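J.: Structure in structure tokens, see below.
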Amino acid sequence: MSLVDKVKAKAEHLKPRVNECAIVVRPLPLIADEIISAGEDFYFKVVFDPTDRHLVALEPAQRLELMKGPFARGALVILAIHKPTDKAIGKMWLLSESPVSGDGKRGLLPIQLAKDEIFLFDLWVHRDFRRNAVGITMAFEMGAAVDQFFPQARWVYGYAHVDNEASMQLMSLVYGMWTVQTMKEYEIGDYHVGMVPNSDSPKFGPFSKRGRHSGDGFQMPGRPRTGEAARDYHHPEGFARRTVNDAEVSDGWMWPGPEWFDTVHPKDSDGKPARPETLPRAI
Ligand SMILES: CC(C)(COP(=O)(O)OP(=O)(O)OC[C@H]1O[C@@H](n2cnc3c(N)ncnc32)[C@H](O)[C@@H]1OP(=O)(O)O)[C@@H](O)C(=O)NCCC(=O)NCCS
């Protein structure tokens, strides 16, 4: 490739790419009689650790470096591991807290979550393993993990490009999610994402100034109250309450005990008191 072509390709890569997105939602925890399994060849992992070996083999190092801040603030990944090859072949990224300013450069859309909401934002299954119910099983593992680690969560948002048929089908027909909002996402380069200003519709939702997160609304928009899709949402008897039985939990990232941080009071490179995300640590 000539230098001119390289520069052209780079410029093309840095041009914002815009996609129409649907923001979908469903209640948590998941309903018990919906649980199905992907079979014996797979096991699942709840990963709170950006240095987890399966995650490191799956995601680019740069992305994991960028995501260390969000990990320190409660991001997690559900991984599907294919036992015969010991490889992660499916992933589902989740945020349990709203992103902070600057997180767009780390690949996080500026969703605003209420205290009882979480956000599922990167769902993927390796091509060779699709249509094996891995996508759906990851959702149940997510439900179990959230039940155990974030018991306050009552709603999970997801998002999909509206022209992504597989994802829209999975979200609506299988995960039972409904659309609460649409917005336009822009992507620049490999990781930088954001919302095209004013593209949120309607103006009450997780991508708006006002939404459940602002304390103005108790009800989730679009919640079917009658007809076939209506449910006894959040009924204490009707849901799967289970712990993460079979899934492995990978959470060895933070310091092994509080003493190290509390007694040494280390400074970060700016000379300020260090926080986990500002202090480079050798693991
Ligand atoms: C979307 C995706 C994660 C689905 O994973 P999967 O493991 O194949 O999903 P499952 O096997 O659990 O499928 C469950 C159901 O979803 C629906 N579905 C899945 N893939 C579909 C497709 N290509 N077209 C239409 N419906 C689809 C079907 O109803 C399917 O049930 P069925 O196989 O009994 O018909 C996978 O196709 C993928 O990684 N796509 C590329 C990345 C992507 O688009 N991610 C979504 C970004 S939000």
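J.: Using the Kirkwood formula over every pair of different C-alpha atoms, what hydrodynamic radius in Å results for the chain?
T.: Every distinct Cα pair counted, the radius reaches 20.3 Å.
J.: Select from 59, 228, 185 the residue whose mean-square fluctuation is largest in a Gaussian network model of the chain (Cα-Cα springs shorter than 10 Å).
T.: With Cα springs under 10 Å in the chain, the top fluctuation among 59, 228, 185 is at 228.
J.: Could you tell me the distance between the Cα centroids of the range 1-17 and the range 64-103, to the nearest Å?
T.: 30 Å
J.: Within a Cβ distance under 15 Å of residue 213, other residues only, what is the Lys/Arg minus Asp/Glu net charge?
T.: Once positives and negatives cancel, what remains is +1.
J.: Answer with one residue from 72, 135, 146: the one whose Cα lies farthest towards the positive end of the charge dipole of the range 72-149, charges on Cβ with Lys, Arg +1 and Asp, Glu -1.
T.: Positive-end residue among those listed: 135.
J.: Add +1 for every Lys or Arg and -1 for every Asp or Glu among the other residues with Cβ under 12 Å from the Cβ of residue 156, and state the total.
T.: Charge balance in the 12 Å sphere: -1.
J.: By the scheme Lys and Arg +1, Asp and Glu -1, what is the net charge of all other residues having a beta-carbon under 15 Å from that of residue 248?
T.: -1
J.: List, in order, the whole-Hz ³J(HN,Hα) value for each residue of the range 145-162 obtained from phi through the Karplus relation with A = 6.51, B = -1.76, C = 1.60 and θ = phi - 60°; use x for Gly and Pro.
T.: 5, 5, 4, 7, 9, 10, x, 6, 6, 10, 9, 10, 8, x, 8, 8, 5, 5
J.: Let me ask something else about it. Given springs between every Cα pair under 10 Å in a Gaussian network model of the chain, which of 73, 26, 131 has the largest fluctuation?
T.: Most flexible of the set in this elastic network: 131.
J.: Shifting gears a bit: When the chain is treated as a GNM, springs tying every alpha-carbon pair under 10 Å, which of 27, 197, 16 comes out with the largest mean-square fluctuation?
T.: Residue with maximal mean-square fluctuation among 27, 197, 16: 197.
J.: Please list the three semi-axes, largest first and in whole Å, of the ellipsoid equivalent to the range 4-97, using sqrt of 5 times the eigenvalues of its alpha carbon gyration tensor.
T.: That gives 30, 20, 16 Å for the three semi-axes.
J.: What is the calculated FRET efficiency for residue 85 to residue 265, with r their C-beta to C-beta distance and R₀ = 51 Å, to the nearest 0.05?
T.: 0.70
J.: Expressed in nm to one decimal, what extension gain is obtained for the pair residue 163 and residue 9 from 0.36 nm per residue of sequence separation less their Cα-Cα distance?
T.: Net length gain for the segment: 52.9 nm.
J.: Evaluate the charge dipole of the chain about its Cα centre and quote only its size in Debye, nearest 20, assuming +1 on the Cβ of each Lys and Arg and -1 on the Cβ of each Asp and Glu.
T.: Roughly 760 debye for the chain.
J.: Sequence-distant or interchain residues sharing an amide H contact under 5 Å with residue 160, placed H: which?
T.: 22, 24
J.: Another question about this same structure. If you put +1 on each Lys and Arg Cβ and -1 on each Asp and Glu Cβ, how big is the dipole of the range 22-130 around its Cα centre, in Debye rounded to 20?
T.: Working: 14 positive and 15 negative charges, 72 e Å.
Dipole about the Cα centre, nearest 20: 340 debye.
J.: Using the structure shown, list the pairs from 68/272; 68/209; 15/184; 45/209; 8/184 with a Cα-Cα distance above 24 Å, or answer none. Please list the in-between numbers first.
T.: Working: 68/272 19 Å; 68/209 27 Å; 15/184 15 Å; 45/209 35 Å; 8/184 26 Å.
In this structure, 68/209; 45/209; 8/184 exceed 24 Å between Cα atoms.
J.: Right, next: With label points built 7 Å along Cα→Cβ from the Cα atoms of residue 130 and residue 226, find their separation and express it in nm.
T.: 3.9 nm
J.: Related question: At a threshold of 8 angstrom on Cα-Cα distance, excluding pairs fewer than six apart, so keeping six or more, what relative contact order does the chain reach in percent? Present the calculation step by step, with values, prior to reporting the outcome.
T.: On the way: 477 pairs, mean separation 76.9, N = 283.
27 percent.
J.: With r defined as the distance between the Cβ atoms of residue 210 and residue 115 and R0 fixed at 25 Å, what FRET efficiency is calculated, to the nearest 0.05? Please report the intermediate quantities before stating the final value.
T.: Values: r = 16 Å, r/R0 = 0.64.
That pair, residue 210 with residue 115, gives E of 0.95.
Bear in mind that the values in this text are calculations on the coordinates, not laboratory data. All of these numbers come straight from a predicted model, not from anything done at the bench. Using ideal geometry, Cβ is built from the backbone for each residue, glycine included, and neighbour counts are taken over all protein chains shown.
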